[in-house]
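Worksheet: one structure, shown below.
The values are calculated or read from the model by the stated rules, or taken from the named source; none is laboratory data. Note that this is a predicted model, so its numbers are computed, not measured. We place every Cβ from the backbone using ideal geometry, glycine too, and count neighbours over all the protein chains shown. What goes into the accessible areas is simple: the full protein's heavy atoms, side chains included, and nothing from ligands, DNA or RNA. Shrake-Rupley method; radii C 1.70, N 1.55, O 1.52, S 1.80 Å.
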Amino acid sequence: MSGFDFSAVASRYEQTSTVQKSAAEVLLQLMQIGEGDDVLDLGCGTGHITRTIREVTSGRVVGADPSPGMISEAEKGSKVGDVIFIVRPAEELDFREEFDVVFCNSAFQWFRDPRRALKSCQSALRPGGRIGIQAPARRIYSPTFIAAIEWVREDPRTCGTFCRFQPPWLFLEKEEEYEELFQEAGFKVLFSRIETVRERRTPEEVFRVFASGAIAGYLNPAYYEGGFDEAYAGAFQDVVRDAFVRMAEEDGSLELIFHRIYLVARS
Ligand SMILES: C[S@@+](CC[C@H](N)C(=O)[O-])C[C@H]1O[C@@H](n2cnc3c(N)ncnc32)[C@H](O)[C@@H]1O
């Protein structure tokens, strides 16, 4: 295989998605899911957060994700009937006033049509229901990753192909821009904040974080005009890995920085 999508990262995702998990804990705190709430975990991935939500509420819990590989991992890790998992993108939900909460961690940036997705979320929620998202924000969503990508842009092994990359993500610069999207879809925004999170990690740990999510964009041939060959995928990973090593300081660690939007809104 010459490229990655979420099905390709699914089997390692539970081990590598450490930053998504810590961000999800903050979003769970913000959402305060009630004991009997019916919850849709949108862009649920391999379902580890869906299972945490299952422990919080006795209501119905559904996980939806367009990646068959992610949903297959999610089903493997859950007791039959405990949580319902469906292969479906946010843009194509067909629920009608069935949930009290839509929970969406580290997935909003991937939505191909966020306006349509938010309309389907609005329909899925009961009147007064709440939606909460956490997602990387700003064009420089991670100064650490973007610095490594600058090496990819310059390196003779990768520059000729990388110039054909068309980023798939939605990254907005300000809280107000996210708020506008939700308001256009009929939501009342209750809370929004872009936070900057900094952690010290080894270069290999930073690469693992990169490989848990970002790689599914940077190495998906669908996001390159004309695709790419096997050699590019290998060279890309070598350049990114080396960049993290070069960025390490004397103690062998580097700063992993992310800007993250947290937003909660009511339907
Ligand atoms: C980084 S993972 C996050 C998974 C999980 N929510 C977590 O926090 O660990 C991003 C997920 O978004 C999903 N995704 C991509 N496009 C989507 C869409 N249009 N609608 C819903 N989910 C989407 C991907 O398949 C992937 O499983």
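In table form, for the structure just shown:
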| item | result |
| --- | --- |
| Å³ per residue enclosed by the Cα convex hull of the stretch 153-214 | 153 |
| Virtual spin-label span in nm between Arg112 and Arg157, 7 Å along Cα→Cβ | 3.2 |
| Calculated log₁₀ intensity ratio I(q)/I(0) where the Debye formula runs over C-alpha points of the stretch 6-266, q = 0.13, 0.17 Å⁻¹ | -0.84, -1.35 |
| Estimated FRET transfer efficiency when R0 is 51 angstrom, pair Ile146-Arg96 (beta carbons, to 0.05) | 0.80 |
| Residue-normalised accessible area of the stretch 201-267, expressed per residue, 1.4 Å probe, Å² | 39 |
| Distance histogram for the stretch 1-158 (every C-alpha pair counted, 5 angstrom bins, percent rounded to whole numbers) | 2, 9, 17, 21, 21, 14, 8, 5, 3, 1, 0, 0 |
| Angle in degrees between helix 143-154 and the longest Cα principal axis of the chain, rounded to the nearest 10 | 40 |
| Carbon + sulfur, % of accessible area of the chain - ligands and nucleic acids excluded, 1.4 Å | 49 |
| Angle in degrees between helix 18-31 and the longest Cα principal axis of the chain, rounded to the nearest 10 | 30 |
| Cα pair distances in the stretch 131-237, grouped into 10 Å bins until the bin that holds the longest one, percent each | 12, 39, 29, 17, 4 |
| Principal axis dimensions, the stretch 108-191 - Cα atoms, whole angstrom, descending | 55, 21, 15 |
| Cα centroid of the stretch 198-267 to Cα centroid of the stretch 102-153, whole Å | 17 |
| Calculated on alpha-carbon atoms, Rg and Dmax of the stretch 31-110 in Å | 11.4, 30 |
| Accessible area of the stretch 62-172 divided out per residue, in Å², using a probe of 1.4 angstrom | 45 |
| Under the Karplus curve 6.51 cos²θ - 1.76 cosθ + 1.60, θ = phi - 60°, whole-Hz ³J(HN,Hα) for the stretch 217-227, x wherever Gly or Pro sits | x, 5, 10, 9, x, 4, 9, 10, 4, x, x |
| Beta bridges per DSSP with both ends in the chain, % antiparallel, nearest 5 | 55 |
| Exposed-site-free run, longest, the chain (rule: trypsin sites (Lys or Arg not before Pro); DSSP loop; at most 14 other C-beta within 10 Å) | 175-267 |
